[in-house]
Amino acid sequence: MKLTRQGFIAGLAFSGLALTLSPALADGPRVGAPAPAFKAVDADGKTRNLSEFAGKTVILEWTNHDCPYVRKHYNSATMQTLQKDMAKEGVVWLSVISSPVGEQGYVEGPKAKELSVQRDAAPAGILLDPKSGMARAYAAQTTPHMYIIDPKGTLAYMGAIDDKPSSSASSLTGAKSYVRQAVAEMKAGKPVSEASTKSYGCVVKYAPVS
Amino acid sequence: MFKGCNRTMSPDFTSRWRAGAALMAAVFALALQAPGEAKAAESAAVTSPRVTATLLSSRDTVAPGERFHVALVQKLAPHWHTYWLNPGDSGEPTRIEWELPAGAKAGEIQWPAPKAIRVEPLVNFGFEDMAVLPVEITVPQDAKPGDNFTLKANGTWLVCEKICIPEEGSFTLDLSVGPASVVDQPAQDRIDAALAALPKPAPFRGRLKGDSDKLALELAGLPAGAADLRFFPVSDTLIEHAADQPLATGEKPALTLVRSGAFKLQQPETTGVLTFREGGEPRAVTLVADVDPALITAAGGSASAEARPAVVRIPLPAEGADLTLWAALGFAFLGGLILNLMPCVLPVLFIKALGFAQVAHASRSEAREQGLLFLSGVLVTFMALAALVIGLGALGGQVGWGFQLQSPPLVIALAVVMVLIGLNLIGAFEIGGSVVGLGDGLASRGGRLGAFMTGALAVVVATPCTAPFMGAAMGYAVTQPPALALSVFMALALGFALPVLALSFAPGLLRLLPKPGRWMLVLKQAFAFPMFATAIWLIWVASVQTGPQGVLAALVAVLAAAFVVWLVGVTRGSLPRRIFGSVLAALVVLGAGWFTVQNAVPGATTEVRASDIGVWSPERVAALQAEGKPVFVNFTAAWCITCLANERIALSRQEVKESFGKLGVVYLKADWTNRDSRIAQALAEQGRAGVPLYLFYPSRKDAQAEILPQILTPDIVIAAAARAAGREAKTAALAP
């Protein structure tokens with residue numbers, strides 16, 4: 001029984017058919033402007049969209065489990081700690097996997113969930129974006145690439161996870177987390193002081209435009 | 001090759017294979033560093049399947065006070081690239097950290113003009129095929145002729161195709177100081193060519209203006225007829241790298257750029273490289289542009305694009321990978337010999353040996369034949385297992401020695417085999433139909449196949465008992481080309497078969513055995529109990545893997561097997577009776593098999609059975625190390641007898657616990673009872689293919705772990721704990 005259900009979910013995720021996107025903004029996302037709407041299938045096979053999180057702060061994390069830069073943040077548990085701390089703040093954390101079928105980093109729902117279990121990761125959801133529609137809408141470039149959307153649906157931050165563009169674990173020492181900084185400033189009702197930074201990491205693998 | 005293979009594989013396999021390949025390749029990048037090459041003007045190469053890197057010097061001998069160039073040369077495999085100073089939308093530039101003679105200086109990398117490497121819809125700035133990165137070295141005035149002048153460069157770079165792999169290499173150039181410099185002409189020529197190709201300062205300045213999204217880079221002074229322009233900014237927060245850069249011609253030619261989403265510009269001028277074609281020839285110039293004051297963003301503390309050098313650590317291959325072929329063969333042979341003594345194997349072999357005693361009295365040649373048949377049974381089975389391990393490994397599966405015990409149905413099948421052997425030994429049923437005398441039964445005429453099958457059976461029952469030494473040999477084997485891996489398994493098989501073979505060939509040894517008699521029957525029956533004990537252990541393993549359902553499945557399988565052998569025994573005789581018996585037996589086997597497979601499902605998580613022991617994860621190790629705690633990691637599995645023995649003999653001993661407590665050691669367990677790709681990967685990083693593996697991580701961040709032997713004593717563990725905690729000198733009280 002179990003297997004059949006998993007297979008069904010995998011099939012759903014695999015098809016990626018349900019993934020549709022509202023027309024992407026022509027010139028990409030912009031801090032201070034409404035965040036691009038999205039509609040994507042999560043690792044459980046459920047369709048999620050940005051509007052369901054209205055009233056909550058949402059963090060999008062572009063990820064690819066084998067990327068050395070992503071591994072830096074997961075192997076040191078910094079990413080998991082950040083996810084858990086954000087959850088405590090009531091922030092919705094969504095990990096986004098945009099590698100298309102056949103590309104490195106492509107996973108299906110069960111595998112994505114298994115990765116979370118293995119790494120003790122705590123995203124509120126994992127969105128599968130094998131057609132890269134969401135990546136295009138947000139102009140995601142690297143893994144990791146972070147976006148913060150405020151409760152009103154405005155893009156409040158986009159860019160790097162921290163200020164140390166390196167895959168070396170030692171670079172974590174003394175790194176400034178742009179995400180923590182932005183969330184803390186948003187909570188205090190202040191404008192985000194560094195609202196867009198240059199993300200760093202492995203390149204996001206895009207599906208060809210069909 | 002890399003690319004071609006990937007295309008044909010399924011995505012899941014591909015990523016796992018790639019991760020494995022990346023790791024292996026990273027290991028090889030260091031392992032293949034050829035030691036002690038004689039040529040002074042070029043260092044030994046650091047080689048990976050993607051990059052062959054050397055450090056090149058234009059001098060063999062340097063003169064005091066002179067300045068000369070060296071260059072880091074990266075020869076890249078097709079489709080792979082390393083990065084420019086500003087890597088573009090992703091990536092990281094190559095960096096060099098120098099260890100120089102006193103007073104010597106090394107300049108910055110003099111970057112060649114980059115190429116825009118499209119990774120649709122993004123772009124990277126970097127180098128394909130070949131990157132020559134010159135660096136100027138200054139020799140101190142007071143350098144003394146006759147002294148050595150050794151340059152050491154620690155390079156780190158990210159190399160990407162579609163996947164990215166951080167690599168590093170250490171390069172040493174042993175130069176000397178002389179009264180005058182001695183030029184290495186071929187190296188000088190190559191470096192000169194690279195220097196000549198560097199972008200030269202443009203004879204004009206640019207001007208950067210902007211409104212909203214678009215920026216205009218005015219290029220007054222651009223040669224007429226320049227085409228195919230592209231501006232590569234040094235700052236990575238200036239423009240959208242992948243955007244087109246259309247040229248507006250006219251009175252003031254200007255490139256239209258798209259302002260970066262992360263735009264930040266704090267200086268009144270900005271630099272970059274401008275590439276273009278002039279009369280068909282490629283040109284590259286460095287361009288300094290004055291910035292329209294309106295564009296300058298308010299100062300706000302943030303990292304600049306020119307980030308500090310990073311050091312990427314690649315796990316070094318440990319023990320297993322250092323093993324030479326001969327040592328691996330030796331260990332495998334020894335391991336095979338030791339396997340004979342395992343409680344699950346000994347009965348099978350001992351009975352076989354007794355059979356020889358019987359036959360040898362009648363015919364020596366027959367005993368020899370039986371010995372050789374046994375040997376071939378062992379060899380064939382081992383080769384089949386080896387082919388399976390190598391085959392699965394090549395396909396990207398994370399398997400290791402002992403993998404066969406990670407499948408609950410297989411564990412249960414082994415338990416059933418053990419019970420059946422036990423029942424046979426105790427005399428509950430006979431193989432072959434007729435009740436025959438003991439001696440005949442052990443070495444009957446039909447015993448040719450029997451001898452071969454005994455060999456095969458012995459290997460099958462031996463698999464749960466991974467002997468000491470075998471971990472290292474197996475680890476070596478699976479990292480080698482198939483031919484070498486097979487030789488290691490072959491050595492193991494020979495070691496395993498040796499005692500029985502020796503017995504069948506050496507009549508002297510056989511004479512040492514008492515004459516066949518009632519004692520043989522008693523011993524045979526007595527040997528049933530180790531088999532039952534092994535079955536109990538296997539069922540316990542299944543219970544750990546699957547929980548109560550697995551125990552039920554195992555016991556049902558045992559019951560069905562016992563019933564079937566009984567049934568076959570009582571339905572002997574007339575044809576209808578035999579048909580009835582066979583049909584019923586087949587139904588029972590099918591039913592029990594189905595039930596077993598349905599119920600023996602691996603549990604989702606592995607529980608850890610002691611509160612003071614944590615669950616291993618690489619993140620946890622890194623985090624604990626960062627907190628300054630020494631970490632002990634026990635890679636184990638319920639089916640690994642050596643592991644369990646070590647836990648009893650050493651790890652659960654009071655003095656070990658006390659020393660861990662005193663030194664603040666955190667004990668983590670990586671339980672490989674069920675399949676776990678991360679554990680398999682961690683084992684592979686240490687050059688191992690199986691458990692046990694004991695690692696002691698020092699309390700310093702990122703420090704390499706010490707590998708403990710596969711057989712532990714409390715003293716070994718306590719001494720290692722002291723080393724890891726950095727208290728080596730003050731452990732007199734703890735020392736034996």
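Observations, loosely collected:
- From least to most packed, judged by other beta carbons within 10 angstrom and beginning with the fewest, B:THR82, A:THR78 follow the order A:THR78, B:THR82.
- Over the stretch B:614-730, relative contact order from alpha-carbon pairs under 8 Å, at least 6 apart, %: 37
- Cα gyration tensor of the stretch B:519-633 - equivalent ellipsoid semi-axes, whole Å, descending: 46, 20, 9
- Sorting the segments A:179-187, B:102-110 by their residues' average number of neighbouring beta-carbon atoms within 10 angstrom, most packed first, yields A:179-187, B:102-110.
- Two-site FRET efficiency, B:GLU120 against A:GLN118, from Cβ-Cβ distance with R₀ of 51 Å, rounded to 0.05: 0.95
- Shielding of A:190-203 by partner chains, average beta-carbon count, 10 Å: 6
- Using a Förster distance of 60 Å, the FRET efficiency for B:ILE536-A:ALA37 (Cβ separation, nearest 0.05): 0.50
- Charge context of B:VAL51, other residues only, Cβ under 15 angstrom, K/R +1, D/E -1: -3
- Modelled this way, with points 7 Å down the Cα-to-C-beta line, the labels at A:GLN181 and B:GLN110 are 3.6 nm from one another.
- Under conditions of 37 °C and 0.692 mPa s, the stretch B:206-295 yields 250 µm² s⁻¹ as its translational diffusion coefficient, taking Rh as the Kirkwood radius over Cα pairs in the Stokes-Einstein equation.
- For the segment B:162-168, counting C-beta atoms of other chains within 10 Å of every residue's C-beta and taking the mean gives 6.
- Peptides B:56-63, B:73-80, A:160-167 ranked from most to least packed give A:160-167, B:56-63, B:73-80, packing being the mean of other C-beta atoms within 10 angstrom over each peptide's residues.
- Listed residue pairs exceeding 27 Å between alpha carbons, taken from A:LYS176/B:LYS214; B:LYS105/B:LYS144; B:LYS75/B:LYS144: A:LYS176/B:LYS214; B:LYS75/B:LYS144
- Euclidean distance between Cα centres, the stretch B:620-675 to the stretch B:180-259, Å: 57
- Taking 18 Å as the straight-line reach from the Cα of A:LYS88, the aspartates and glutamates in range (excluding those fewer than 8 positions away in the same chain) are A:GLU61, A:ASP120, A:ASP150, A:GLU185.
- Extended-chain gain in nm, criterion 0.36 nm per residue less alpha-carbon gap, B:ARG648 and B:LYS200: 154.2 nm
- For chain A, averaging the sequence separation of C-alpha pairs within contact (under 8 Å, six or more residues apart) and dividing by the residue count gives a relative contact order of 25 percent.
- Net length available on complete extension from B:GLN598 to B:PHE563 is 10.6 nm, with 0.36 nm assigned per residue and the Cα-Cα distance removed.
- Within 10 Å of each Cβ in A:104-112, the average number of Cβ atoms from other chains: 3
- Using the Cβ-Cβ distance between B:GLN185 and B:THR297 with R0 set to 56 Å, the FRET efficiency works out to roughly 0.65.
- Summing +1 for each Lys or Arg and -1 for each Asp or Glu among the other residues whose beta-carbon sits under 9 angstrom from that of B:VAL182 gives -1.
- Size-normalised alpha-carbon gyration radius of chain A, reference 2.2 N^0.38 Å: 0.96
- Net charge over other residues, Cβ less than 12 angstrom from the Cβ of B:LEU217 (K, R count +1; D, E count -1): +4
- With N the number of residues in the stretch B:614-730, Rg(Cα) / (2.2 N^0.38 Å) evaluates to 0.98.
Values in this text are rule-based calculations from the coordinates and carry no lab data. Since the structure is predicted, the reported quantities are computational estimates derived from the model, not experimental observations. Don't worry about glycine lacking a Cβ; one is built from the backbone with ideal geometry, like all the others, and counts go over all protein chains shown.
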